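Asks: Got a structure for you, written out below as structure tokens; questions coming shortly.
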Amino acid sequence: MKLLEDKIRSCGRALNDDVLLVDMFLNHQVDCELMKAIGDEFYRIFKDEGITKIATVEASGIAPSAMAALAFKVPMVILKKQASVLMDGKMLQTEVYSFTKKKSYQLTLKKEFITENDRVLLIDDFMANGEAAMGAAKLIEMTGATIAGIGIVISKNFQPGMEKIKAAGYNVASLAQVAEMGEGYIKFVGE
Ligand code: 5GP
């Protein structure tokens, strides 16, 4: 997605070979017009998949997912990183190792919000090693629902996540695919 790649180039910064900082428009300050374009692009890609719910992992997946949910006219379900006393009722949980925090958390879903009849589009901001996407997909599948697609805003294709998710048989699309990066430069797939 050209608009997104241009934004990453102008406002993103590779902290090192591994971590891309995009807090100017995605992770801290949010460019809502860009999020709208991203939501519309996910709709264009997955519109024939019979999507009934958008699911995402808090917090940075929420902005693009909300815009996709608007485009699909379906609810968005936020997978939580911890249970709270507000979550009465039946919960499902799975352990996920965080790429940025370097520790595990319990990804949590209140059972009533996704059922076996749902076809879910899972959206996340980044794909690195695939832990978050794989954990979220597993959690959603515990309900009996189908993962009809996985939409990633930025994938770092030099890390193993994209290949892992494809090998597991998921229909995955990434809007900006980074081939390699380092201090001061970012190269996208196909460049
Ligand atoms: P994975 O589980 O695929 O290893 O990592 C994905 C998760 O880690 C995403 O949900 C995202 O929050 C975070 N993440 C991974 N790589 C990056 C990165 O380069 N920059 C930022 N800001 N977050 C990242």
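Asks: How far is the Cα center of segment 1-53 from the Cα center of segment 98-138, in Å?
Replies: 18
Asks: Follow-up question, since we're still on this one. Stretch E58-K166 to full length: gain in nm at 0.36 nm per residue minus the Cα-Cα span?
Replies: My answer for the length gained is 36.6 nm.
Asks: If you build the Cα gyration tensor of the chain and take the root of 5 times each eigenvalue, what three semi-axes come out, in whole angstrom, biggest first?
Replies: 26, 18, 16
Asks: Ok, one more. Using +1 on the beta carbon of Lys and Arg, -1 on that of Asp and Glu, and nothing else charged, what's the dipole of segment 47-189 about the Cα centre, debye to 20?
Replies: Taking the Cα centre of segment 47-189 as origin, the dipole is about 180 debye.
Asks: Applying the Karplus parametrisation 6.51 cos²θ - 1.76 cosθ + 1.60 with θ = phi - 60° to the phi angles of segment 88-105, what ³J(HN,Hα) value in whole Hz is obtained for each residue in order, glycine and proline being reported as x?
Replies: Residue by residue, segment 88-105 yields 6, x, 7, 10, 10, 9, 8, 8, 10, 8, 7, 5, 8, 9, 6, 8, 8, 9 Hz.
Asks: With springs connecting C-alpha atoms under 10 Å apart, model the chain as a Gaussian network and identify which of M181, M142, M87 has the largest mean-square fluctuation.
Replies: M87
Asks: Let me ask something additional. Once phi is turned into ³J(HN,Hα) by the Karplus curve 6.51 cos²θ - 1.76 cosθ + 1.60 with θ = phi - 60°, what whole-Hz value does each residue of segment 169-177 show in order, with x for glycine and proline?
Replies: Once rounded to whole Hz, the list reads x, 7, 8, 10, 10, 10, 7, 9, 10.
Asks: Continuing with the same structure: Quick one: what are the phi-derived ³J(HN,Hα) couplings along segment 131-137, Karplus 6.51/-1.76/1.60 with θ = phi - 60°, whole Hz, x for glycine and proline?
Replies: Calculated HN-Hα couplings, in order: 5, 5, 5, 5, x, 5, 4 Hz.
Coordinate-derived values only; no laboratory data. Every value quoted in this text rests on a predicted model; they were computed, and no experiment measured them. Quick reminder, even Gly has a Cβ in these numbers, built from the backbone with ideal geometry, and neighbours come from all protein chains shown.
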